[in-house]
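Engineer: Attaching a single structure in structure tokens format; questions to follow.
The values are calculated or read from the model by the stated rules, or taken from the named source; none is laboratory data. No experiment lies behind these values; they were computed from the predicted model shown. For neighbour counting, all protein chains shown are included, and Cβ atoms are generated from backbone atoms with ideal geometry for every residue, glycine included.
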Amino acid sequence: MEESKQQLYNERLGRYLAAIRRKPIDRISTSIPVGSYADAISGYTVQELMYDPQKAEDRAVQFLKKYPEVDTFSAGFSSTVDFDILNSRLYRIPGRDIDPKSIRQFNENEWMKADEYRKFIDDPIGFRMDVYFPRILGEYEKRGSIRSYMAFLKAGMQQGVARELSRQINTRIKNEFAIPPSSQGIVNAPFDTLTNLFRGLHGIMRDMFRQPDAVIEACEAILKQNLVSCVGMADPKKQLPVWIGATRAGFLSPKQFEKFYWPTFFKGLIVLIEAGWTVRVFLEGNWNAHLDYMAEFPKGTVLFDLDNETDIFAAHEKFGDKNVISGGIPTDLLILGSPEEVRQRVKLLIETVGKDGGWIPNSGGSIPAGCKPENFQAILDAVKEFGVYHTGPAPEPEVSDMLDVKPQLPKLDRFITSWEEAKETNNWAIPGDEDLIKKNWELFERMAYSWVISRR
């Protein structure tokens, strides 16, 4: 990267990281989630962006040429090909099941039955392979068929291809536009995983009354699996935050939240935080009843993206002195309002929530597809007009002093077939260096375990 671009990249990344750490910054960071809006103004259908990596890359290039003021941009290739390969029944796919211009739709169902908790907890791989996959993956319905074997083989290949395409796109964005991504790695709240992928909202609501202990135990089991998978994807430099979606708390009473949601949600984030990562959490829906809990996170460790339903001023009062908040620009204002109305809203938020550097512009989790281009530009212009704290340089990207700190991960046997079992059943004598063979066997065993656990 050219020296001038490297300097610009460092300024953007340093400002963003310092904002999360609640350290002095030169101006408000414009690390704004823009996925749906970037899709909408690209001129491509959602289907094209999910199936054609060249169009996905062009989408990013178009956006960054139009809005070079943004501090971060996440542009991974969100491929849908593996959903076709496996015939995933969890989603309705643009161009395949629904209108090519529509966003991908989630098909919620009770994919795990109420009486299957025990196997789900005790035998996570067996449950998925024997019960869950035949229900959610059409190509796996006839287990043992050549077609089912080929589907899994193709899906593994496609995952590698998609990751490489995402890496190429993000590398181009870094080298050509000097813009870093906003996060690296992803994890979900255990209660959300259980609800979204397995029991569905109707099922989990019954379970909380009929078998509460099973729900709690399942969340604890999911936490172990989610953490192990997340750490493998997180930024090894511990600079970029891990992204976390928190989706179902708005449906829970305070008592239900405290009992079923909070314990594993908090523990999972704390494991990451104590190992040196920061986290970016999207609090989807209405979190007003649960804002007091967010004050329990250590200062400078969490970026909270708020949805439209959550009162940003109440959130600022509860925990704004400790961690940065993103949001507060109503979705309908960006779609229907004028640039001057957006400008005034941003000014108000900078003078209140962001008066000491604790705010990043955002709408309800991200900029909506229907946002007027002049209104998004108004956000960026208002930040330059009202959001400057000093005229000095942006802070340099902070280098973590916790690179050697290992996360306190729960013990989890991630071997479907242990090395000892493989050696014994294959009658391998091992006249050479056994550790060389064992190391690679266990590496791919862990990778396969993670693939099965995270498959949806």
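Engineer: Looking only at the range 193-245, count how many residues are within 20 Å of residue 405 (Cα to Cα) and surrounded by fewer than 18 Cβ atoms within 10 Å (Cβ to Cβ).
Structural biologist: 5
Engineer: Restricting to the range 376-392, count the residues that are surrounded by 15 or more Cβ atoms within 10 Å (Cβ to Cβ) and β-branched (Val, Ile, Thr).
Structural biologist: Residues in the range 376-392 being surrounded by 15 or more Cβ atoms within 10 Å (Cβ to Cβ) and β-branched (Val, Ile, Thr): 2 in total.
Engineer: Any residue in the range 363-392 that's within 23 Å of residue 23 (Cβ to Cβ): show its pairings with residues that are crowded, with 16+ Cβ neighbours inside 10 Å and aromatic (Phe, Trp, Tyr) at Cβ separation under 7 Å, as long as the two are six or more apart or on different chains.
Structural biologist: Pairs found: 380/67.
Engineer: Are any residues in the range 286-311 aliphatic (A, V, I, L, M) and surrounded by fewer than 22 Cβ atoms within 10 Å (Cβ to Cβ), and if so, which ones?
Structural biologist: 289, 291, 294, 295
Engineer: Under 30 Å from residue 209 (Cα atoms), of a type in the set (Asp, Glu) and assigned by TED's automatic domain parsing to the domain that holds residue 363, is that true of residue 309?
Structural biologist: Yes, satisfied.
Engineer: Quick test for you: out of 34, 46, pick the one residue that is under 19 Å from the mean Cα position of the chain (by Cα) and aliphatic (A, V, I, L, M).
Structural biologist: Answer to the check: 34.
Engineer: Something else about it: Hey, any hits in the range 133-148 for a residue that's among the aromatic types (Phe, Trp, Tyr), in the same structural domain as residue 240 (by TED's automatic domain parsing) and closer than 30 Å to residue 260 by Cα?
Structural biologist: No: zero hits.
Engineer: Across the range 298-319, what is the total count of residues that are under 19 Å from the mean Cα position of the chain (by Cα) and of a type in the set (Phe, Trp, Tyr)?
Structural biologist: Here the count works out to 1.
Engineer: Could you check the range 31-83 and list, in sequence order, the residues that are of a type in the set (Phe, Trp, Tyr) and closer than 27 Å to residue 151 by Cα?
Structural biologist: Answer for the range 31-83, where residues must be of a type in the set (Phe, Trp, Tyr) and closer than 27 Å to residue 151 by Cα: 51, 77, 83.
Engineer: Of everything in the range 405-456 that's loosely packed, with under 15 Cβ neighbours inside 10 Å and acidic (Asp, Glu), which residue is farthest from residue 195 (Cα to Cα)?
Structural biologist: 433
Engineer: Restricting attention to the range 232-252, does a residue exist that is assigned to a helix (DSSP H, G or I), touching a strand residue (DSSP E or B) at 6+ places or on another chain (Cβ under 6 Å) and in contact (Cβ under 8 Å) with a residue 40 or more places away in the chain?
Structural biologist: Looking for residues that are assigned to a helix (DSSP H, G or I), touching a strand residue (DSSP E or B) at 6+ places or on another chain (Cβ under 6 Å) and in contact (Cβ under 8 Å) with a residue 40 or more places away in the chain, one finds none in the range 232-252, hence no.
Engineer: Additional query: Being of a type in the set (Val, Ile, Thr), assigned by TED's automatic domain parsing to the domain that holds residue 304 and over 21 Å from residue 128 (Cα atoms), is that true of even one residue in the range 214-233?
Structural biologist: There is at least one residue in the range 214-233 that is of a type in the set (Val, Ile, Thr), assigned by TED's automatic domain parsing to the domain that holds residue 304 and over 21 Å from residue 128 (Cα atoms).
Engineer: Okay, moving on. Condition first: part of a loop (DSSP other than H, G, I, E, B) and over 19 Å from residue 370 (Cα atoms). Now tell me which residues in the range 38-69 satisfy that.
Structural biologist: Matches in the range 38-69: 52, 68, 69.
Engineer: Within the range 98-128, how many residues are in contact (Cβ under 8 Å) with a residue 60 or more places away in the chain and outside any helix (DSSP H, G or I)?
Structural biologist: 8
Engineer: Counting only residues that are in contact with a helix residue (DSSP H, G or I) (Cβ under 9 Å, 6 or more places away or on another chain) and among the polar types (S, T, N, Q), which one in the range 85-106 is surrounded by the most Cβ atoms within 10 Å (Cβ to Cβ)?
Structural biologist: Among those that are in contact with a helix residue (DSSP H, G or I) (Cβ under 9 Å, 6 or more places away or on another chain) and among the polar types (S, T, N, Q), it is 88.
Engineer: Looking only at residues that are touching a Lys or Arg at 6+ places or on another chain (Cβ under 8 Å), crowded, with 18+ Cβ neighbours inside 10 Å and among the β-branched types (Val, Ile, Thr) in the range 312-356, which one is farthest from residue 284 (Cα to Cα)?
Structural biologist: If we take residues in the range 312-356 being touching a Lys or Arg at 6+ places or on another chain (Cβ under 8 Å), crowded, with 18+ Cβ neighbours inside 10 Å and among the β-branched types (Val, Ile, Thr), then 324 is farthest from residue 284 (Cα to Cα).
Engineer: Within the range 76-97, work out how many residues are closer than 18 Å to residue 54 by Cα and either small (Gly, Ala, Ser) or not in a loop (DSSP other than H, G, I, E, B) (or both).
Structural biologist: Residues meeting the conditions: 7.
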